[in-house]
Structure formats: structure tokens, C-alpha cells
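Enquirer: Okay, here's the structure, questions in a sec.
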Amino acid sequence: MADYGYEAINSEGKILKGSISAENFELAKVQLKNKGLIVTDLTEQSVLNKDININFDKKPTPRDLGVFCRQFVAMSRAGVSILECLTLLREQTENKVLQKAVREVQAEVEKGETLATGLSQHPKVFSDLMVTTVNAGEQSGSLDVALERMADQYEKSAKTAALVKKAMIYPIVVAIVAVAVVVLMLVKVIPSYTDMFDDLGTELPAITKAVVAMSDFIVARWFILVPVIAAIVIAIKAYAKTTSGKYLKADLSMKIPAIKNLVVKSACSQFARTLATLLAAGVPLVEAVDIVGDTMQNLRFYDAVKNAKEEVIKGVPLSQPLEDCGLFPPMMYHMIRIGEEAGNTEEMLNKMADYYDEEVEMAVQSLMAAMEPAIIIVLALVVGVLIAAVMSPMLTMYQSLDNL
């Protein structure tokens, strides 16, 4: 895959410049032609002349996409055409990335393409889940129903994400304050007592020696310590993006009881809600399970759902591989099995999604309740050690004076 810089004229006569990725020169020209552009210049880009595109616009959130789908449904049911819906949504959308994507989708629809085809041209904005659901809705003549299900999907995802984010704010703030307090004491407070410790002329306690040595090292070697810490953080982030790093993160999250509870219930909610949305839109089970697998954030659940897809292709009921993988709780695969036997899998999935949405909220609250005292205890221990390091020599000195 190579990058090509181009200059072209659009249908309105405007000159456009940009870059495009393609297997070769001819395919790049075909892609530009399919977009309705008249190419005036097309050259392969090298490392030296490659366009540098720094985009500070934020990617649309699930909430943004939920509002987009909900408004589209409302206007569509009011008799507004798809093109008019896109025009109105483009004008009132505040997110610049989404606004640009809607404008280009509108251009595709104006050329006679389906809405799903237009959405598929922007995979960074519109997920495979939305594209597939919209495509199924268009083919069955129930686009408004498909988009309404997507609105529900995005709104539930936004709510869950907000709950988790809210739960993380408190420990992050406390951790930052704790680090700031420790650094302040080691850099400012402890050095101010160093001369006094030297004048005591007595053997300092081990805890005081350790803290003073740490303080001296930070003050004298901070220019080494800061880059080392930054390098460690960067290395950890880089490793977390590798396959082994993702598996390690997934395994660790499944070994800590409080976090495991939240991870499992979030995965169950995501699985049930997404699969129900796709099945309601008329997407075949195998394709639906494949797409659901792509939405799983934990790599172990991703592997389990992808394996389930392979088993479903062989004719095995979905509930069986979900049970065999050992990741999903019994209620999940038992309810799906009941739905398979009764022929109402979609209804069972919706009930499971609602149930696990409530369970996720309770798990977040439980995690917060457990983390708050734990963080306070850790912070108290850290500060207590520093105070003990300062006070121990002073108490020793006062005892010596009393003995005189």
C-alpha cells in the first residue's frame, strides 16, 4: 500500500489537494475517479514529501452518534428524505469530524449510492456495526427501525462509558495529589531538616536514613530521574499496544476480583446489546457474531466470540461455545440457550442487555466503594512514613535531653 498526493477538480469546479492510499498508481486514479474527481496531478509520496496531516478535531463520541441516529429517525418518520436529513444533520452537528463525514456521505447518496455505502467510506467515524445495521435496514425497508436500534446502542454505550469514567476520576485525582505531596515533602520539607539531623550527632533511625537518601537522590539527580520515568511510561504504553501486551492486560483485568466483576459484566452487556441490535436489523447470525467480536475490548473475550463464530458456522448453537470458553457467566449462555430453543433469541438478548446494564452500574458503585478507603489507607501510609522519618530523630533528641 502506497500513499499518493493528488490535485483534482470536483463537480463544483473547485481544486482539491490531498493524499490517498492505494495498491498502485492506477488504482489510486480509479479511487479518485469513483469519487467524482477529475485528476490533474497524481504523484507517489515519499518520506520527504509526504503530507503531514495534524488533526486536532475530536472523533465523535457514542453520544454524538446516538444523537445523530435519533434525529435522523425523527426526521425520517416525519417524511423528510434521506438527502434532506443529511443536510439538516450536517448543519446542526457541532463535531467537525462528524460534520465532514456527513457532508461526504451526502455527496455519495447524491450520486445514487446507498446510505450504508456512504457510511462505509468513513470507518473511523461510523463503525462496522452501524454500517451493517443500516445496510440491513435499507434492504428490509426498515431504515428508521435500524437507526433507532443504533441510537439505543450508542446511548447505552455512552452511559456505560460515563459511569466508568466517573469511577476513575476520584482515584486518579487522589493519586496525583498523593504523588505531589510526596514529591513536595522529599524536595522541600526533608532537605530543610537535613542540617538539623546532622547537628544531632546521633545515629539516625533506618527509616530516616532511607528517606533522607531518597530526598538527596531526587534533589541531586532529578534531571536523570524524570527522563527515566518518562521512558518507562512510554515503554509501558508501547508494550500495551502489542499483542502480548494486550493479552497481559486482559489477563490481569481478569485476575483482580473487583475489576474482573466490572470487566465481565461490561463484556456481557456489550455482547448482548450489540448482537440483539444486529439480529433485529436482520443481519445473519454468523455475520452478527463476527461484528460483535470486533467490539469486544478485552482480548480474551474477543478470542472467545471469534471462536464462537467458527463454531456457529459448523452448526453448533451459539450458547455452546459461550459456555465452553469459561468467560461468560452461566446466566448468559443459559438464557441464550432458552432463546434458541424457544425461537426468541433476540428478545432474550435484549433482556440480558438490560440486566447487565444495571449490573455494570452496580459494579461501578461497588468498585468506587472499595477504592475510596483503599486509596485513603495507602495515602495515609505514605504520608505516615514520611512524618515518622522526620519525627523519629526529634523524639530521640528529646529523650536524650530528658536523660541529662
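Enquirer: Where the Cα atoms of the range 2-44 are projected onto their three principal axes, how long is each span, largest first, in whole Å?
Expert: 28, 16, 12
Enquirer: Between [x] 28.6; [y] 26.9; [z] 24.0, which entry matches mean projected area of the Cα convex hull in nm² as derived from the coordinates of this structure?
Expert: Among [x] 28.6; [y] 26.9; [z] 24.0, the one derived from this structure is [x].
Enquirer: In nm, to one decimal, how far is the modelled label at Lys165 from the one at Glu358, with both set 7 Å along Cα→Cβ?
Expert: Reported label-point gap for Lys165 and Glu358 is 2.6 nm.
Enquirer: Please check which bits of the range 104-139 a label hung off Glu91 would reach, taking the label as a point 7 Å along Cα-to-C-beta and the cut-off as backbone N under 17 Å.
Expert: 104, 106-107
Enquirer: Another one. Can you figure out the FRET efficiency of Glu110 with Gln31, using R₀ = 22 Å and their beta-carbon distance, to the nearest 0.05?
Expert: According to the calculation, E is roughly 0.75.
Enquirer: Separation of the range 55-130 and the range 269-298 by C-alpha centroid, Å?
Expert: Value for the Cα centre distance between the two parts: 22 Å.
Enquirer: Take the Cα of Ile259, step 7 Å along the line toward its Cβ, and report every residue of the range 169-183 whose backbone nitrogen sits under 20 Å from that point.
Expert: Under 20 Å, as judged by backbone N against the label point of Ile259, lie 169-179 of the range 169-183.
Enquirer: Lysines within cross-link reach of Lys33: Cα-Cα under 18 Å, excluding same-chain residues under 8 positions apart?
Expert: Once the sequence-local lysines are set aside, what remains near Lys33 is Lys14, Lys17, Lys111.
Enquirer: Ok, one more. For a bin width of 5 Å, list the pair-distance distribution of the range 301-381 built from all Cα-Cα distances, rounded to whole %.
Expert: Going out from 0 Å in 5 Å bins, the range 301-381 shows 3, 13, 16, 18, 15, 9, 8, 7, 5, 4, 2, 0 percent.
Enquirer: If I take R0 = 41 Å and measure r between the Cβ atoms of Tyr398 and Val187 in this structure, what FRET efficiency does the formula 1/(1 + (r/R0)^6) give, to the nearest 0.05?
Expert: Given R0 = 41 Å and the Cβ-Cβ separation, E is 0.95.
Enquirer: Can I ask one more? Which residue, chosen from Gly112, Leu278, Phe223, occupies the Cα position most advanced towards the positive end of the dipole of the chain, where the dipole is computed from +1 (Lys, Arg) and -1 (Asp, Glu) charges on Cβ about the Cα centre?
Expert: Ranked along the dipole, the leading option is Phe223.
Enquirer: Sticking with this one: Counting other Cβ atoms within 10 Å of each Cβ, which trypsin sites (Lys or Arg not before Pro) in the range 56-126 have at most 13 and sit in a DSSP loop?
Expert: Passing sites in the range 56-126 are Lys58, Lys111, Lys124.
Enquirer: Among Val131, Val316, Val385, which one moves the most in a GNM of the chain with springs linking Cα atoms closer than 10 Å?
Expert: Val385
Enquirer: Taking each full run of DSSP H in the chain as one helix, which ones are at least 20 Å long along their axis (Cα atoms) and have mean Kyte-Doolittle hydropathy of at least 0.0?
Expert: Flagged H segments are 62-77, 143-184, 206-240, 257-280, 345-403.
Enquirer: FRET efficiency for Glu347 and Asp324, Cβ-Cβ distance as r, R0 = 25 Å, nearest 0.05?
Expert: Calculated transfer efficiency: 0.55.
Enquirer: Expressed in nm to one decimal, what extension gain is obtained for the pair Lys17 and Ala180 from 0.36 nm per residue of sequence separation less their Cα-Cα distance?
Expert: 53.9 nm
Any read-out appearing in this document is the output of simple, stated calculations on the displayed coordinates, not a laboratory observation. Bear in mind that the values here come from a model prediction, so they are computed numbers and not experimental data. Positions of Cβ are generated from backbone atoms using ideal geometry, with glycine treated the same way; all protein chains shown enter the neighbour counts.
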